[in-house]
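Notes follow once the structure below has been shown.
The values are calculated or read from the model by the stated rules, or taken from the named source; none is laboratory data. Only a predicted model underlies this, so the values are computations on that prediction, with no experimental measurement involved. Ideal geometry is used to build each Cβ from the backbone, glycine not excepted, and the neighbour counts take in all protein chains shown. Surface accessibility is based on the protein's heavy atoms, side chains included, excluding ligands, DNA and RNA. Shrake-Rupley method; radii C 1.70, N 1.55, O 1.52, S 1.80 Å.
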Amino acid sequence: MSSERFTFTVDGVPVEAEPGQTVVEACDAAGIYIPRLCHHPDLPPVGHCRVCTCVIDGRQTAACIMPAAKGMVVENNTPALNAERRTLIEMLFAEGNHFCQFCEASGDCELQALGYLFGMVAPSFPHLWPERPVDASHPDVYIDHNRCILCSRCVRASRTLDGKSVFGFEGRGIDMHLTVTGGHLDESALAAADKAVAACPVGCIVIKRTGYRTPYGRRRYDEAPIGSDITARRGGAKD
Amino acid sequence: MSSTDGTTAPRKIVIDPVTRVEGHGKVTIRLDAAGAVEDARFHVVEFRGFERFIQGRMYWEVPLVIQRLCGICPVSHHLAAAKAMDQIAGVDRVPPTADKMRRLMHYGQVLQSNALHIFHLASPDLLFGFDAPPEKRNIIAVLERYPEIGKWAIFIRKFGQEVIKATGGRKIHPTSAIPGGVNQNLAIADRDALRARVGEIISWCTAALEHHKGYVAANRVLHESFATFPSAFMSITGEGGVMDLYDGTLRVIDAEGKALIDGASPASYRDHLIEEVRSWSYLKFPHLRGFGGDDGWYRVGPLAQINCCSAIDTPLAEAARRDFMAVGGGHPVNATLAYHWARLIVLVHCAEKIEQLLFDDDLQGTDLRAEGTRREEGIAWIEAPRGTLIHHYTVDKNDQVRSANLIVSTTHNNEAMNRAVKQVAQTDLSGKEITEGLLNHIEVAIRAFDPCLSCATHALGQMPLIVTLEDASGAVIAREVRQ
Ligand code: SF4
Ligand code: SF4
Ligand code: FES
């Protein structure tokens, strides 16, 4: 493998990349936003959620785990792919219990922000209304499993950034769920300042007693749509 | 079409936790062996499940969650829950900016709710007569025949909603009251926009009040007799018995005006009230402890708010209160239709209060929230548009709600609404036929109480009703449905 920078195209636009970068990483650096949910820039990519799926050299591929390669042809922002992404988002809404109207994360939530981005108003799938618990045993943090989308960001962050392995998964398919090492949060090594807490993209792992201090309407994705921090880099990224 | 430019997409995702029972008001009239009206029941099936839904939620979520469950007066629930959660957070006194922001929001809510009721729901009955056909008794007909009243209807309500939006962030479901205070102050631009219009709003509210007094003068006998009965009244009052819709102590007076309870604090509500359960109704029957279910019942709402207070601290509403009380000659006014008159006085009061607050610089303060030492129990009340609203919560050491008990205004009026329907039935039922006139009068009697039920709050006015007539053995002898 050479260390030479190379070029590939995304929706016809040439993108420069360096060896070892994934398609998402190269696009992020170039100011092209590929929608994603389980991907987090500080965490090893896992390709769980498939929201980042692009057509790469003619095949549907998760862009967050796909290494970029010279001459690759990537389709990203197309009506067909965005329709599929929207379907994925709608399924995630229907699988959990998401009442954005009173959720602490509303306006800061990546799932909701993707819903906005794809013009979703309510899921077109039947709600499963699963029975899911709230674990509030920890003095400073609580988990509302109703809103977990099983993205594994907390699992990876706890392991790789916090060095703790507080979180894991159990079960398969529709029964898969997040678990806490030790049983309940108060029996785990979790601290409120852990990166695992901040890594959660939705309102599932939440710091206690701070809810709603920032008014709805003045939050991250109220100010600018998701991905606009990335697209803002376009043009300014060249040295 | 999907787009990822983020500019055209709607920013709204709506999934509702409860499917609300949209339905008919159901009334059963029971005859005795001699064929006379023995009893009447107004069945309410709507208040189910919200206390359970709240269990296990984090306490700071409750002010937002609760208003989604009980949908008719969300602002009042938001504020009552926030006040209860102040106590859970160990805060007895929120900073002045927070107190005044919440008050302003509350006056906006009572203004818009009373306006909705007076103009959209009640005025068609009053302007066209109770026996006008239902298709003619609605707000559309009012807009056509009385454009001036139509203008009041639209703009007073809209103004109230804008006050809610400016203070609460949203015009129907505000989100700004949090345990210990609020999360925003009043923006100067919003303040100035509201200031510019409040004078006109006050003048329209007083014009509506004068107009209504004209109606009362022209229909004195009907006004005093329709569905009327003596009762006790209950309301929160402020210091010295002065009207305070946002906070205060409880006062209950009997039909003669004698205080049965005065100065009671929220924490003592269970010393004073018993919530009786009856098999045929989901709605409880609260009554005063020590008086029994037959004698201990009372009315709440605008009529009680005016009857119970000793004075109002805004000049136009106080003058109107004195006029009103003169009708009772020193006693509480008992006429059921006087609810509307009282509602208009409260409307004027709210408009005046809004004006006062808009000129109070505390609303631009930046000390928004206080903190304290966590407690396990929070009890609070507020005078909602329809009357006293009580919220009672316990919260465990993990910050999760252990129990919730809500007594909503309509619950307090449960017995009174049944009595009003019974009264109408006794007057209007002859023989065994449910006439159009009886249906109309039942509708008007229930409406006076402005119950927070979906059947009674259709913005277009019509109340879907099912009235059943039973003989002494309980067999159905007649049934009428009005859509
Ligand atoms: S986690 Fe996100 S999507 Fe789910 S309810 Fe909260 S804001 Fe909505
Ligand atoms: S808790 Fe949050 S970060 Fe962890 S899997 Fe669930 S949604 Fe993802
Ligand atoms: S972001 Fe690529 S699969 Fe989730």
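Quick notes on this one:
- Condition check for B:D360 on (1) in contact (Cβ under 8 Å) with a residue 24 or more places away in the chain; (2) buried (at least 18 other Cβ atoms within 10 Å of the Cβ): one failure, at (2).
- Going through (1) within 17 Å of the chain's Cα centre (by Cα); (2) more than 14 Å from every other protein chain (Cβ to nearest Cβ); (3) among the aliphatic types (A, V, I, L, M) one by one, A:I230 falls short only on (2).
- Residue that is open to solvent by less than 20 Å² (accessible area, probe 1.4 Å), in contact with a helix residue (DSSP H, G or I) (Cβ under 7 Å, 6 or more places away or on another chain) and more than 18 Å from B:L303 (Cα to Cα), where the choices are B:A208, B:A264: B:A264
- So A:G182, is it assigned to a strand (DSSP E or B) and more than 9 Å from ligand 2 (Cβ to nearest atom): no
- Among the residues listed as A:V51, A:V55, the single one being within 15 Å of ligand 3 (Cβ to nearest atom) and either surrounded by 20 or more Cβ atoms within 10 Å (Cβ to Cβ) or on the phi > 0 side of the Ramachandran plot (or both): A:V51
- Here B:V44 fits the description: away from every other protein chain (no Cβ under 13 Å), modelled with pLDDT under 95, over 30 Å from A:N76 (Cα atoms) and within 23 Å of the chain's Cα centre (by Cα).
- The one condition from (1) under 18 Å from A:A192 (Cβ atoms); (2) within 13 Å of ligand 2 (Cβ to nearest atom) that A:D140 does not meet is (2).
- Test: B:E224 is open to solvent by 60 Å² or more (accessible area, probe 1.4 Å) and without any contact (Cβ under 8 Å) to a residue 12 or more places away in the chain: no
- Exactly one residue out of A:L92, A:L114, A:L88 is within 16 Å of ligand 2 (Cβ to nearest atom) and more than 28 Å from A:D194 (Cα to Cα): that is A:L88.
- Filter pass, A:H40 being within 15 Å of ligand 2 (Cβ to nearest atom), touching a helix residue (DSSP H, G or I) at 6+ places or on another chain (Cβ under 7 Å) and either open to solvent by 20 Å² or more (accessible area, probe 1.4 Å) or under 30 Å from A:R209 (Cβ atoms) (or both): yes
- Flag: A:N77 does not match the condition of being assigned to a loop (DSSP other than H, G, I, E, B), touching a Phe, Trp or Tyr at 6+ places or on another chain (Cβ under 7 Å) and within 11 Å of chain B (Cβ to nearest Cβ).
- When residues of the stretch A:185-200 are limited to those that are of a type outside the set (A, V, I, L, M) and in contact with a His (Cβ under 8 Å, 6 or more places away or on another chain), the one farthest from the other protein chains (Cβ to nearest Cβ): A:S188
- Annotation for the stretch B:27-36: no member residue is modelled with pLDDT under 80, outside the structural domain of B:R170 (by TED's automatic domain parsing) and open to solvent by 10 Å² or more (accessible area, probe 1.4 Å).
- Residue within the stretch B:178-193 that is within 24 Å of B:P302 (Cα to Cα) and more than 23 Å from the chain's Cα centre (by Cα) present: no
- Selected residue [within 14 Å of chain B (Cβ to nearest Cβ) and either part of a helix (DSSP H, G or I) or under 17 Å from A:F99 (Cβ atoms) (or both)] from A:P215, A:P123: A:P123
- Scanning the stretch A:85-111 for residues that are more than 16 Å from ligand 3 (Cβ to nearest atom), closer than 17 Å to A:P225 by Cα and not hydroxyl-bearing (S, T, Y) yields A:C100, A:A105, A:G107, A:D108.
- For the stretch B:298-329, a tally of residues being assigned to a helix (DSSP H, G or I) and of a type outside the set (K, R) returns 19.
- From B:I390, B:I345, residue being in contact with a strand residue (DSSP E or B) (Cβ under 7 Å, 6 or more places away or on another chain), within 30 Å of B:F226 (Cβ to Cβ) and either assigned to a loop (DSSP other than H, G, I, E, B) or hydrophobic (A, V, I, L, M, F, W, C) (or both): B:I390
- Odd one out for A:S124 among (1) touching a residue at least 60 places away in the same chain (Cβ under 8 Å); (2) among the hydroxyl-bearing types (S, T, Y); (3) more than 13 Å from ligand 1 (Cβ to nearest atom): (1)
- Qualifying residues in the stretch A:80-99 (those that are open to solvent by 20 Å² or more (accessible area, probe 1.4 Å) and facing chain B (nearest Cβ under 8 Å)) - the one farthest from A:R132 (Cα to Cα): A:A83
- Conditions (1) farther than 26 Å from A:F118 by Cβ; (2) within 14 Å of another protein chain (Cβ to nearest Cβ): number failed by A:D162: (2)
Table: residues versus (1) touching a strand residue (DSSP E or B) at 6+ places or on another chain (Cβ under 7 Å); (2) not aromatic (F, W, Y).
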position	(1), (2)
B:A98	yes, yes
B:V110	no, yes
B:A115	no, yes
B:D131	no, yes
B:F155	no, no
B:F159	no, no
B:G169	no, yes
B:P174	no, yes
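- Residue ranges of helices (runs of 4 or more DSSP H) in the stretch B:85-164 with at least 2 members open to solvent by less than 30 Å² (accessible area, probe 1.4 Å) and within 30 Å of B:A187 (Cβ to Cβ): B:96-115
- Residues located in the stretch A:148-179, provided they are within 8 Å of ligand 2 (Cβ to nearest atom) and out of contact with any strand residue (DSSP E or B) (no Cβ under 9 Å at 6 or more places or on another chain): A:I149, A:C151, A:R153
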